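The values are calculated or read from the model by the stated rules, or taken from the named source; none is laboratory data. What you see is a predicted model; the values in this text were computed from it and never measured. Neighbour counts are summed over all protein chains in view; Cβ atoms, including those assigned to glycine, are modelled from backbone coordinates with ideal geometry. For accessibility, only protein heavy atoms count, side chains too; no ligands or nucleic acids. Shrake-Rupley method; radii C 1.70, N 1.55, O 1.52, S 1.80 Å.
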Amino acid sequence: MTAPPAHPPRKVYFETFGCQMNKLDSELALQALARAGFTTTDDVRDADLVVLNTCSVREHAEHRVLSRLGRLKPGGPVRKEGALVAVTGCMAQRQGRDLLRRAPQVDIVAGTKEFVRLPELYADVKRERRPLAAVDQGEVFDYPRDPRFRSEKHRAWISIMRGCDLHCTYCIVPTTRGPEESRPLADVLDEARRLVDDGVVEITLLGQTVNSWGKQLPGSPDLADLLCALDELPGLLRTRFVTSHPNFFRNGFWERIRGLRTFCPYVHVPAQHGSDRILKRMARLYTTDGFRAMAEEARAAIPDLVLASDWIVGFPGETEEDHERSKSFLREIGFPQNFVFKYSPRPTTPSERRFADDVPDAVKARRCNELLDIHAELSHAYNLSFVDRAVEVLVEGPSKTNAERLFGRTQQNRIVIFDGSEDLVGRLVSVRVEAVSPHSLYGTLCEPSAPRRSLPLAGR
Ligand code: SAH
Ligand code: SF4
Ligand code: F3S
């Protein structure tokens with residue numbers, strides 16, 4: 001009979017808000033906690049440590065965290081006796097020690113570069129019996145990634161840079177994530193290799209302005225160099241990168257990546273607005289003409305390229321005419337994928353300090369819906385262009401809406417739903433599209449599979 005452990009394994013419950021960057025940080029934090037003997041639980045009532053990895057990008061994102069915290073008061077129904085509550089990520093970084101004062105149920109505040117210290121902070125708080133805030137901007141890049149800790153088996157994110165050197169006037173991210181730092185090419189490749197060895201077939205490179213990667217590194221390599229290097233990894237089927245800034249596709253970027261085996265022709269490059277006056281107020285550093293020229297160069301090199309955009313409606317001073325310009329620019333560029341946000345003034349940002357938030361919420365909501373309507377129309381029209389055609393799909397798993405069916409994504413990131421067996425998950429297949437909705441494609445597996453580029457397909 002083996003002796004029982006000194007104490008039962010501690011359990012951590014994790015909730016992640018915000019962007020992919022935060023989701024990846026949650027994986028890294030879980031890895032650190034697992035090394036320290038924590039196991040994960042899906043039941044918050046059973047957790048010794050509850051972690052909320054937070055976002056600060058809009059006020060609504062912070063409100064969601066505060067309402068979650070409201071339910072985690074000591075003695076409350078969802079909190080185990082003695083459990084600690086940690087707030088990590090962008091809201092933790094922004095509010096720091098103040099958060100401990102505002103929300104006394106919080107025991108640990110860990111900033112955007114401190115989250116991997118959670119096990120240590122947990123032990124400190126337990127020992128010292130007082131709450132702690134760590135937002136001193138430590139270093140996380142050297143943190144050795146264990147490929148086993150990730151949320152999906154076949155797809156993984158790699159952070160290739162952190163922070164942002166731009167100063168878009170509405171944005172809190174440079175404050176919460178600090179200045180831009182790129183990770184050396186060899187480190188990224190090494191991590192990619194380990195992930196591929198562990199079964200990953202699709203890698204998404206992450207950064208706030210991911211296409212400015214490399215500028216601080218010796219020899220100033222750029223994103224095209226990195227994509228070319230990744231393309232040589234046997235076993236890797238797809239690479240993606242997010243989010244790009246329209247100004248940083250330089251030195252013949254599109255020509256250099258167009259022939260790559262793994263490059264997926266889907267690029268998220270937010271326009272944010274269609275009025276030059278507002279783009280200037282946002283300090284986005286380009287005009288609609290500049291964006292147009294970038295899109296033309298990209299499409300000349302890669303005709304099947306899909307551009308995706310973010311939009312902000314109701315930025316201070318936005319008139320009906322400015323908004324009409326966003327609508328026509330959305331149509332003109334023809335982005336089939338869009339994310340639309342109502343302007344939210346963020347404390348200490350230049351736009352919050354300089355301009356009144358003068359567009360009423362009802363107007364913001366209407367403008368948001370108008371852009372979303374155009375989005376649905378463009379997305380549907382784009383989907384219709386695939387009817388009766390075969391598309392290459394990376395199979396992700398059972399469909400979220402009908403577990404009997406499978407779903408996957410095309411190279412251009414369109415969701416495809418079809419029938420097939422689960423052993424196809426993680427493989428490339430060819431699906432003939434038969435019907436579409438505004439947001440998804442529906443089809444039948446082709447027999448035999450037909451490759452689009454010279455890629456290995458399931459069943460070959
Ligand atoms: N670094 C990325 C994304 C930053 S945050 C980029 O530059 O594209 C994601 C999106 O949130 C932004 O693209 C923008 O559209 C939106 N956003 C950022 N700050 C906002 C704010 N204060 N109010 C409303 N939307 C905002
Ligand atoms: Fe924010 Fe602009 Fe940097 Fe994106 S590029 S993170 S919107 S400051
Ligand atoms: Fe991401 Fe939100 Fe921070 S969008 S970078 S988690 S403010």
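Just so you know, the Rg over Rh for segment 62-167 is 1.00, from Cα atoms, with Rh as the Kirkwood radius. For LYS73, the aspartates and glutamates whose Cα comes closer than 18 Å to its Cα, not counting residues fewer than 8 places off in the same chain, are GLU15, ASP43, ASP46, ASP48, GLU62, GLU81, ASP98, ASP107. For LYS80, the lysines whose Cα comes closer than 29 Å to its Cα, not counting residues fewer than 8 places off in the same chain, are LYS11, LYS23, LYS113, LYS126.
Stokes-Einstein, applied to the Kirkwood radius of the chain over Cα pairs at a viscosity of 1.567 mPa s and 4 °C, places its translational diffusion at 55 µm² s⁻¹. When each full DSSP H helix of the chain is screened for a Cα extent of at least 27 Å along its own axis and an average Kyte-Doolittle hydropathy of at least 0.0, none passes.
With the convex hull of its Cα atoms as the shape, segment 86-128 has an orientation-averaged projected area of 2.8 nm².
Here's the list of aspartates and glutamates a cross-link from LYS280 could span, going by alpha-carbon distance under 19 Å and ignoring same-chain residues fewer than 8 apart: ASP165, ASP289, ASP310, GLU318, GLU320, GLU321, ASP322, GLU324, GLU352, ASP357, ASP358. With a Förster radius of 41 Å applied to the beta-carbon distance between ALA376 and ARG130, the computed FRET efficiency rounds to 0.20.
The modelled label-to-label distance for the pair VAL78/ASP98, using points 7 Å beyond Cα in the direction of Cβ, is 2.5 nm. In the context of the full set of protein chains, segment 71-201 has a per residue accessible area of 44 Å² (1.4 Å probe). Heavy-atom accessible surface of segment 390-445, averaged per residue, reaches 41 Å², computed with a 1.4 Å probe.
What is the percent carbon and sulfur in the accessible area of the chain, measuring with a 1.4 Å probe over the protein chains and ignoring ligands? On the chain, the fraction of accessible area on carbon and sulfur atoms equals 52 percent.
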